[in-house]
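The values are calculated or read from the model by the stated rules, or taken from the named source; none is laboratory data. Keep in mind that this is a model prediction, so the values were computed, not measured. All Cβ positions, glycine included, derive from the backbone under ideal geometry; neighbour counts span all protein chains shown. For accessibility, only protein heavy atoms count, side chains too; no ligands or nucleic acids. Shrake-Rupley method; radii C 1.70, N 1.55, O 1.52, S 1.80 Å.
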Amino acid sequence: MPIPGSGLAKGLAVTLRTMTRKTVTAQYPDVQPELPPRTRGVIGLFEENCTVCMLCARECPDWCIYIDSHKETVPPAAPGGRERSRNVLDRFAIDFSLCMYCGICIEVCPFDALFWSPEFEYAETDIHELTHERDKLREWMWTVPEPPALDPKAEEPKEIAAARKAAEKAAEKAAAEAAAQAAEAQAQAQSQEEQQ
């Protein structure tokens with residue numbers, strides 16, 4: 001059977017212990033807080049990777065991402081090829097007054113155009129100014145921390161392996177072309193000497 005008033009005594013004991021400790025006040029505007037490295041602050045946009053696929057806007061549960069684009073015709077890459085059309089980003093905006101920071105847009109982006117930035121100081125006096133356009137989202141992109149290092153025993157990612165092989169092939173091709181040009185130049189020089 002609990003003793004009457006024991007809960008009150010425990011609460012007062014906690015209060016007395018707390019009163020004897022030294023208080024620590026974070027001087028926030030003057031001293032920035034130390035945040036964990038992968039803090040969810042705001043969303044940064046790496047515009048070059050965005051293909052206007054609209055996945056982020058479609059998957060957003062709050063419908064706070066606004067994207068506008070237009071189509072441009074791209075000339076053929078090789079002679080005799082056909083023209084292609086591609087989407088060009090005109091507007092990419094996020095309304096942070098609606099955003100609930102769930103990160104779904106970042107997870108579904110297949111081209112790594114959206115990233116978490118640890119920036120958190122973007123308060124405004126008017127709620128309408130919390131809709132940030134792509135220029136502001138681009139500024140936040142440069143505050144995104146580096147991803148954690150891969151496990152040293154991990155397999156090389158397929159993309160990096162493919163890019164490395166393509167670079168090696170291109171270097172071999174360039175070296176072969178340079179050797180062929182050098183041989184041709186040497187042959188021309190010999191033929192000119194023989195003609196003289």
Self-check item: Residue tally, condition part of a helix (DSSP H, G or I) and open to solvent by less than 60 Å² (accessible area, probe 1.4 Å), over segment 105-133
Solution: 4
Quiz item: Only one of these conditions is not met by GLU177: (1) assigned to a loop (DSSP other than H, G, I, E, B); (2) open to solvent by 60 Å² or more (accessible area, probe 1.4 Å). Which number is it?
Solution: (1)
Exercise. Scan segment 85-95 and give yes if some residue there is touching a helix residue (DSSP H, G or I) at 6+ places or on another chain (Cβ under 9 Å) and within 27 Å of GLU159 (Cα to Cα), otherwise no.
Key: yes
Exercise. Tell me which of these LYS22 doesn't satisfy, since it passes every other one: (1) part of a loop (DSSP other than H, G, I, E, B); (2) without any contact (Cβ under 8 Å) to a residue 24 or more places away in the chain; (3) closer than 30 Å to THR143 by Cα.
Key: (3)
Quiz item: If you take the residues in segment 25-56 that are touching a residue at least 40 places away in the same chain (Cβ under 8 Å) and of a type in the set (A, V, I, L, M), which one is farthest from THR131 (Cα to Cα)?
Solution: LEU35
Quiz prompt | Every residue from segment 132-168 that is more than 24 Å from LEU98 (Cα to Cα) and among the acidic types (Asp, Glu) | solution = GLU146, ASP151, GLU155, GLU156, GLU159, GLU168
